[in-house]
Structures are given as structure tokens and as C-alpha cells.
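Colleague: Structure below; questions to follow.
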Amino acid sequence: MITRTTTSAFALLGAAALAIGLSACSGTASAGESGDDAAGFAVDANTLVFGVVPDSVDTETNYQPLLDYLAQETGKTVEYHESTDYAALIEAAVAGKIDVASFSGFTYVTATNNGAELTPISSIVTAEGQEPGYYSQAIVPASSGITDLAGFAGKKVCFVDPSSTSGYLFPTYNLLEAGVDPEQDITPVFAGKHDVSVSKVGEGVECEAGFAEDSEVAKSDQVKVVAETMVPGAPIVVSNSLPAELKTQITELLGEVTIDDIIASGVKSADSDGFRSVFFETKPVDDAYYDTIRDICKKTNAEQCQG
């Protein structure tokens with residue numbers, strides 16, 4: 001778990017340095033194309049590395065049935081790779097160290113801006129009839145008198161991570177729209193994970209207000225929602241450096257699959273309340289689906305978006 005407190009100015013400076021560093025190593029994204037068994041793979045031809053952003057303490061448990069399904073259907077060992085933070089996952093993608101991943105929309109845009117060769121396949125939805133997408137929610141302690149985003153001015157405000165879509169990019173944009181300058185009008189705190197942001201806001205000590213995605217907010221009765229914004233669904237992506245046949249197979253497997261399909265395939269780990277709470281099916285998305293994020297990047301002039 002990474003928990004850090006800083007000012008947004010330092011966060012932006014750090015992200016700018018990250019962007020420069022990533023750009024410098026972006027040429028490694030297609031490394032391994034020498035014709036040997038590891039060509040195009042993060043590790044080798046028998047292994048798929050599945051990267052995830054560290055969203056909550058339950059991240060690995062939530063993804064395990066999907067990893068089991070991918071391993072079963074491709075016949076390959078699937079390694080779970082949870083980066084220490086969003087920036088580390090971006091760097092791994094740029095360096096060609098992951099084969100498949102579940103990103104946030106912002107992380108995907110940032111990674112591709114910095115040279116990662118990725119194709120979005122789909123986005124996970126958690127309920128029947130739902131469309132890809134989820135809510136970035138502005139939260140305050142349940143007993144707080146704050147009723148809107150304007151009330152965040154002068155407060156200690158929890159964000160998730162400088163590369164989080166629902167935990168930083170959209171909140172920053174929404175604060176600006178509400179007349180609150182994230183650079184000057186608040187004291188930002190980076191919690192590292194969505195559930196940690198919720199916890200800190202609920203305690204009301206380190207953070208008097210904050211942001212997190214709706215699935216984590218719903219688990220707490222210590223906070224209340226004062227504003228929310230729909231965010232493009234987080235993409236499952238595949239590396240463009242994989243052999244074309246395997247890339248097509250993975251796209252077909254994960255592009256449009258239901259929990260019932262996964263259970264019927266023989267993956268017993270999918271038939272659990274825990275997995276059902278976070279997964280109903282995947283629905284296809286493409287690169288253009290994330291143009292909203294690119295537009296907000298321009299409007300906020302966020303350093304994290306730059307390639």
C-alpha cells in the first residue's frame with residue numbers, strides 16, 4: 001500500500017519528470033522482436049503478464065477468476081502483476097513488461113501518450129444492462145456540513161493518485177468548474193488507493209473531503225456523496241507486440257464475455273459472491289471512447305497527460 005501526502009504542485013512536477021523519463025524509454029515498448037521465443041512477450045511465449053492498477057486491498061482477489069479463465073483458454077501461465085502505484089504500471093506498459101492489463105482510462109491515455117503500444121479491448125460492467133462507465137464521487141464525512149464542491153475550498157482533500165481517472169483527473173476538472181483551484185485553494189492528500197481515500201475521509205482527520213470511485217464509496221457508511229460524475233469505463237488492454245494470432249484470441253476471450261460464460265468454461269473461482277460483486281460481463285470499447293479523457297487533459301493542462 002502506498003500512502004503519501006504532498007502538494008499538487010509537487011505532484012505535477014513529479015509527473016512531469018515521469019513523463020520525460022517514460023518518453024526516453026518508450027523505444028523499449030517493442031523490445032524482444034529478435035525472433036527468439038520471447039519475441040513480443042513481456043516474459044516468454046509460455047507466459048502472459050496481467051497488469052493492474054492498485055485500486056484496493058481486494059484487487060488481486062477481484063481479478064483472479066479472470067486470470068484463471070485467460071490461463072485456461074490460452075494454455076499459458078498468467079502472472080498477476082500489481083504495480084506499487086499507477087506510475088509504475090504506466091512505466092511497465094511503456095517498457096513492454098505487461099501483455100494484458102486492466103487500466104484506468106487516465107492510465108491508458110497516459111501510457112499511450114508516452115509510447116506504450118496497447119489496444120483497448122473491453123470494459124468490465126458489474127450489473128446486467130449496465131454500460132461501461134462508473135462514477136467519480138466527491139465525498140465528505142457523514143457528519144460534515146459540506147454540501148457541494150465549492151465547500152471543499154480551504155479543506156484537506158483526499159485524492160487517490162495523480163494518474164487516477166476517477167480519483168484525480170475528473171475531480172481536478174470538477175473542482176476547477178466549481179471555482180476551486182486545486183493548486184491553491186485546498187490541501188491535497190494522495191491516499192494511494194480508492195478504499196484508503198474513503199477511509200481517510202470517513203475519519204475526517206487527515207482528509208476533510210475527498211474523491212473515490214463509487215464501488216468503494218458504497219462500502220462505507222462513514223461518508224456521504226455530495227457530487228458525482230460519470231467516467232468512461234476502465235479498459236482491459238492487450239499489448240500490440242504480442243503475436244497477431246494470440247492478440248486476436250485474447251481480444252475474443254475478453255472482448256465480450258459474461259460471468260456465466262466464464263463459469264460454464266469450468267473456472268470454478270468465478271462462481272463466488274466476491275467476483276459477482278465486481279464482474280457481470282465485459283463490453284467492447286475502442287480508443288476513441290477515451291477522447292473525453294483527452295479533452296479533459298487539455299482543459300486541465302494536467303502534466304500527467306503529456307507524452
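Colleague: For segment 157-211, give me each residue that is of a type in the set (Asp, Glu), touching a Ser or Thr at 6+ places or on another chain (Cβ under 6 Å) and under 22 Å from Ser83 (Cα atoms). Steps first, please.
Modeller: Residues of segment 157-211 that are of a type in the set (Asp, Glu), as a first pass: 161, 177, 181, 183, 185, 195, 203, 206, 208.
Keeping just the survivors that are touching a Ser or Thr at 6+ places or on another chain (Cβ under 6 Å) gives 183, 195.
Once the filter is applied, which keeps residues that are of a type in the set (Asp, Glu), touching a Ser or Thr at 6+ places or on another chain (Cβ under 6 Å) and under 22 Å from Ser83 (Cα atoms), segment 157-211 yields only Asp195.
Colleague: Yes or no: Tyr135 open to solvent by 20 Å² or more (accessible area, probe 1.4 Å) and touching a helix residue (DSSP H, G or I) at 6+ places or on another chain (Cβ under 9 Å)?
Modeller: yes
Colleague: Anything in segment 177-208 that is hydrophobic (A, V, I, L, M, F, W, C), in contact (Cβ under 8 Å) with a residue 12 or more places away in the chain and not in a strand (DSSP E or B)? List them, or say none. It would help to see each step written out before you state the result.
Modeller: Within segment 177-208, the first condition is being hydrophobic (A, V, I, L, M, F, W, C), and the residues that meet it are 178, 180, 186, 189-191, 196, 198, 201, 205, 207.
Filter once more, keeping what is in contact (Cβ under 8 Å) with a residue 12 or more places away in the chain: 178, 180, 186, 189-191, 196, 198, 201, 207.
Ala178, Val180, Ile186, Ala191, Val196, Val198, Val201, Cys207 - these are the residues of segment 177-208 that are hydrophobic (A, V, I, L, M, F, W, C), in contact (Cβ under 8 Å) with a residue 12 or more places away in the chain and not in a strand (DSSP E or B).
Colleague: Still on this structure, please answer the following. Under the condition of being of a type in the set (Gly, Ala, Ser) and touching a Lys or Arg at 6+ places or on another chain (Cβ under 7 Å), which residue from segment 146-201 is surrounded by the most Cβ atoms within 10 Å (Cβ to Cβ)? If you could, list the steps in order and put the result at the bottom.
Modeller: Going through segment 146-201, the residues of a type in the set (Gly, Ala, Ser) turn out to be 150-151, 153-154, 163-164, 166-167, 178-179, 191-192, 197, 199.
Going one step further and asking which of them are touching a Lys or Arg at 6+ places or on another chain (Cβ under 7 Å), we end up with 191-192.
Working: Ala191: 28, Gly192: 22.
Ranking the candidates gives Ala191 first.
Colleague: Under 6 Å by Cβ, and 6 or more places apart or on different chains, what pairs join a residue from segment 253-272 that is open to solvent by less than 40 Å² (accessible area, probe 1.4 Å) with one that is among the charged types (D, E, K, R) and in a helix (DSSP H, G or I)?
Modeller: Every condition considered, the pairs that remain are Leu253/Glu73; Val267/Asp68.
Colleague: Then there is this: Considering segment 139-168 alone, what residues qualify as being assigned to a strand (DSSP E or B) and in contact with a Phe, Trp or Tyr (Cβ under 6 Å, 6 or more places away or on another chain)?
Modeller: If we filter segment 139-168 for residues that are assigned to a strand (DSSP E or B), which is where we start, we get 139-141, 156-159.
Result: Phe159, single match.
Colleague: Which ones in segment 277-291 are surrounded by 14 or more Cβ atoms within 10 Å (Cβ to Cβ) and either at pLDDT 95 or above or not in a loop (DSSP other than H, G, I, E, B) (or both)?
Modeller: Within segment 277-291, Phe280, Glu281, Thr282, Lys283, Pro284, Val285, Asp287, Tyr289, Tyr290 qualify.
Colleague: Need pairs with beta-carbon distance below 6 Å; first residue under 15 Å from Val109 (Cα atoms) and within segment 278-307, second assigned to a loop (DSSP other than H, G, I, E, B); sequence gap 6+ or separate chains.
Modeller: The qualifying pairs are Val285/Pro132; Tyr289/Pro232; Tyr290/Pro232; Thr292/Pro232; Gln304/Pro162; Gln304/Ser163; Gly307/Asn114.
Colleague: Also, I was wondering about something else. Mind checking whether some residue in segment 183-193 is modelled with pLDDT under 95 and within 26 Å of Ser277 (Cα to Cα)?
Modeller: Here is the first cut: in segment 183-193, the residues modelled with pLDDT under 95 are 183, 192-193.
Narrowing further to those that are within 26 Å of Ser277 (Cα to Cα): 192-193.
Yes: segment 183-193 contains one or more residues that are modelled with pLDDT under 95 and within 26 Å of Ser277 (Cα to Cα).
The values are calculated or read from the model by the stated rules, or taken from the named source; none is laboratory data. For clarity, every value in this text was computed on a predicted model and none was experimentally measured. Every residue, glycine among them, receives a Cβ derived from its backbone with ideal geometry; neighbour counts consider all protein chains shown. What goes into the accessible areas is simple: the full protein's heavy atoms, side chains included, and nothing from ligands, DNA or RNA. Shrake-Rupley method; radii C 1.70, N 1.55, O 1.52, S 1.80 Å.
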